[in-house]
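What follows is a set of notes on a single structure, which appears directly below.
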Amino acid sequence: MMTGQRFCEILTKAKIGFVGLGIMGKPMSKNLMKAGYSLVVYDVRPEPLEELVSLGAEKAGSSKEVARKNDVIITMLPDGPNVEQAILGPNGVMEGLRPGSTVIDMSSISPIVARKIAAEVEKKGGEMLDAPVSGGELGAIQGTLAIMVGGKEEVFNAHLPILKTMGKTVTLVGGSGAGQIAKLANQIVVGINIEALSEALVFGMKAGVDPELLFQAIRGGLAGSAVMEAKAPMIMDRNFKAGFRMRLHQKDLRNALLAATEYNIPLPVTALVQQMINALVNDGKGDLDHSSIALFIEGLAKTEVRRKKV
């Protein structure tokens, strides 16, 4: 276990390694740099890597090198296999990890995989936080993400200033893997909400009600939600540019269903929404925003939700 003195040393040095500069990781890295942290960065793609270097980050040639040069290593990658490869694989974080270092995985992965990786990190004398996020690309850019954290309380408290540069709300949910459980729970609620919103808008549209007026009528009542506020305008404007890609929501619900099987938990509506998403991904819509779940319902009803022309 790391001491309080060691934690203070880490935060005083304020040098962070960041692996994964994708749609979320790149703006999160930029916010860390804006907050005054020095970054050593790595990504398999040269373009975002060079962009961060142009802003003052130090380039690393592998995840191993990132770990070797830093006491805090953040990973932000698409799914569990990517995280396992970056941390446990050849030239991965584990090969360069120094005793007393902390790995913060901010990817959205299976809690089972998160706990497996945490156990390996601890065997080498390190600490691990699983800290997946919600808020999409805009939240990553604005630094307003909701961050759900699993791990030891003293490790969480020591790294809270770092996490707060990227998120508006940062919550310790429980021990190792609990952050991933919370993120999957979030994705269950979001996915089902988008599907329900899609049904409601299609229902109103085909029954002859202006969808904009329907939205205004129900948004202030019990049906109102952050999901409705964000996604109803996108559906009505036919704007399915990805803030959060459909294939990523597919991955999250898959992980939720796999974990539910492991823990013997029935998730019947989640499974239904996952089948809708599977069909849309098979139809080539995996890189659209997850609000395009509406396209599945529209297809069944042979109706397209649009604002009325003025």
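Coordinate-derived values only; no laboratory data. A quick note: this is a predicted structure, and the numbers were derived from the prediction, not measured. Counting neighbours? That spans all protein chains shown, and the Cβs are built from the backbone with ideal geometry, glycine included.
For this structure, a couple of remarks:
- Taking Cα atoms only, the orientation of helix 4-13 departs from the longest principal axis of the chain by about 80 degrees.
- Remark on the stretch 26-107: hydrodynamic radius 12.8 angstrom, per the Kirkwood mean of 1/r across alpha carbon pairs.
- Theoretical ellipticity at 222 nm over the chain - DSSP helices of four or more residues, -39500 (n - 2.57) apiece, nearest 500: -16500 deg cm²/dmol
- Within the stretch 234-270, trypsin sites (Lys or Arg not before Pro) in DSSP loop having at most 11 other beta-carbon neighbours inside 10 Å: K241
- The stretch 254-310: proportion of alpha-carbon pairs further apart than 15 angstrom, %: 59
- Rounded to 10°, Cα long-axis angle of helix 25-34 versus longest principal axis of the chain: 60
- Highest-fluctuation residue, N91, N239, N282 considered, GNM on the chain with Cα pairs under 10 Å: N282
- Rounded to 5, the percent of DSSP beta bridges in the chain classed as antiparallel: 15
- Note on the chain: Cα-only Rg and Dmax are 20.6, 66 Å.
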